[in-house]
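Take a look at the structure below.
Please treat every number below as a calculation from the coordinates, not as lab data. This structure is a prediction, so every number in the text was calculated from the model and none was measured. Every residue, glycine as well, gets a Cβ built from its backbone with ideal geometry; the counts of neighbours run over all protein chains shown.
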Amino acid sequence: MNRAILSKQINKEMIEELKNDTQALLSFLQNQNDGTIVYILEKLGRLESGYSKEPLLNLLNNQNENIRALSLKNLAKMSDVSLLSVFVKYASNDKSTEVKREAVSAVGRLRNEKAIPILIKFLTDSDPKVVMQAIRGLLVFANRPGIKQELKKLLNHPNELIKEVINKEVNGFSYKSNSTQKHDEFSAFLKNTVVQGDVQEILKYVPDESIHLTFTSPPYYNARDYSIYQSYEEYLNFLEKVFKEVHRITKEGRFFVLNTSPIIIPRISRAHASKRYPIPYDIHPLLVKMGWEFIDDIVWVKPEASVKNRNAGFLQHRKPLGYKPNAVSEMLMVYRKKTDKLLDWNIHQYSWDKVKKSKVLDEYETTNIWRIDPTFDRIHSAVFPIELCNRVVRFYSFVGDLIFDPFAGSGTLGRAAINLDRHFFLTEKEAKYINRIKEELYKGNNLFSPKNNQPRFLDIKTFIPLSKEKI
Ligand SMILES: C[S@@+](CC[C@H](N)C(=O)[O-])C[C@H]1O[C@@H](n2cnc3c(N)ncnc32)[C@H](O)[C@@H]1O
């Protein structure tokens, strides 16, 4: 029976009545199928310590592991130490890992010191989730002598989540900041600055932890005239170097949004095959290794009519293996500079007023599929649609922040930053695109009214002394 029908038949009042009448609940449960029992167990809500345990204890003998696990979960709500031996029995002997996890969690939820040796024993369980539950239970007693010592033994646990939790508990925050600047501030010499040159050269002069958000679309691999590399390996090495620097200049816990997509190098003749390069998937492991934490993948979807048609052949012959879908998507991979601090820490670095001004209060896209038309530009062949930049800027930065694009192209990100009360720092190597950026940024002629907000256009020679004086 589906849940919508069940919810009509078994309403809240009925569950409350059954909860208060043990006999009625026992006989009701006897005649129900597994789906209904699970439904009731999920809806039992609060259970006071005086509540009759019998119906739930009965269900611990049920064949269905889901029912046993949910029964343990409900029994745990009663905070009744006399249940400890029941929990230990299921934690030690049940063949279902789901039930074991729930039982160890129930032991921990007792918050009773009798549970300590049992929880310590489960720290060596082979199921990382069981270990995690045991850790959670023990953290309540973290200040007792010996407990930290037991937890420390897990510092080299093979499971990365366990290692992370233990490391934070035992050693505290591990992020070492190299900056004395406040989190919501940045060096004035970067403000609304466009530097022409090779980004690798320019970034040498940008201090650690200067940037609040980077959003970029790197040059393609040999797909367009501005991107010529000897090999795919050389291309990936280049991006790796740049993104390492982006990591260094990003503030603690802040975001990097990377727009890429697989590209295709057409065949040289009918006797050869074309080759497809999965750029997002090849860059991803490099980013994680250098200290970016993967947060989300957003798919930018364009109308089919706006992309190259690859279907002509298959449309005719319809033979398997020759299927070539039209590539209407690009990836926006969202990363955060790895830290053990939570997002709340970042938010708390801002005044209430700034947080309030930065809130996204109107309608917004709730899924990771962003349908946005591409923008075509007479000068630059691969520009960001402004809507794409607007979303990234609003979702991942605060007003007054410094937003960076190392491969600025026509500077769309700079325009979005200014329109949304942020500041930009852009680097771009081609002179013709720098001129395009000038046009872009002066489009709305009142945008830069305050003098200290005027964009400045520098080359690397004029940028270096400013970076030294930090003005
Ligand atoms: C895909 S385009 C970016 C387009 C941009 N998102 C926009 O909205 O116009 C990549 C840009 O990176 C620039 N670029 C390539 N290698 C560079 C380098 N080493 N340093 C700085 N810019 C570079 C190219 O000239 C090109 O304009």
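Remarks
- Projected onto their three principal axes, the Cα atoms of region 222-299 cover extents of 51, 25, 20 Å, largest first.
- Most simply put, region 188-469 has about 45% antiparallel DSSP beta bridges, counting only bridges with both residues inside it.
- Virtual paramagnetic centre 7 Å along Cα→Cβ of Asn453, amide N under 17 Å, in region 366-410: 394, 398-403
- Computed over region 130-233, the percent of Cα pairs more than 20 Å apart is 64.
- Helix 232-249 and the longest principal axis of the Cα set of the chain meet at an angle near 80°.
- Model label points for Asn64 and Asn435, set 7 angstrom from Cα along the Cα-to-Cβ axis, are 7.3 nm apart.
- Expressed as a whole percent, the proportion of Cα-Cα pairs in region 188-469 lying more than 29 Å apart is 35%.
- The average projected area of region 64-111, computed from the convex hull of its Cα atoms over all directions, is 2.7 nm².
- When peptides 181-190, 351-360 are sorted by average Cβ neighbour count within 10 Å, with the highest value leading, the order is 181-190, 351-360.
- Order of Val383, Val288, Val328 - criterion: other Cβ atoms within 10 Å of each residue's Cβ, fewest first: Val288, Val328, Val383
- 12 Å cut-off, amide nitrogen to a point 7 angstrom out along Val307 Cα→Cβ, residues in region 237-267: 261-264
- Expressed as a fraction of 2.2 N^0.38 Å, the value expected for a compact globular protein of N residues, the C-alpha radius of gyration of region 46-171 is 1.06.
- Counted by neighbouring Cβ atoms within 10 Å, the residues Glu365, Glu330, Glu13 run from fewest to most as Glu13, Glu365, Glu330.
- Percent of alpha-carbon pairs separated by more than 41 Å within the chain: 42
- Lys12 paired with Lys121, simple spin-label distance in nm, labels 7 Å along Cα-to-beta-carbon: 4.2
- Efficiency of FRET between Ser85 and Lys359 - r from beta-carbon atoms, R0 30 angstrom, step 0.05: 0.05
- 5 angstrom amide H check on Ile211, placed H, neighbours 5+ away: Thr250, Lys251
- Spin-label pair Ser49/Ser27, simplified geometry with 7 Å Cα→Cβ offset, distance in nm: 3.2
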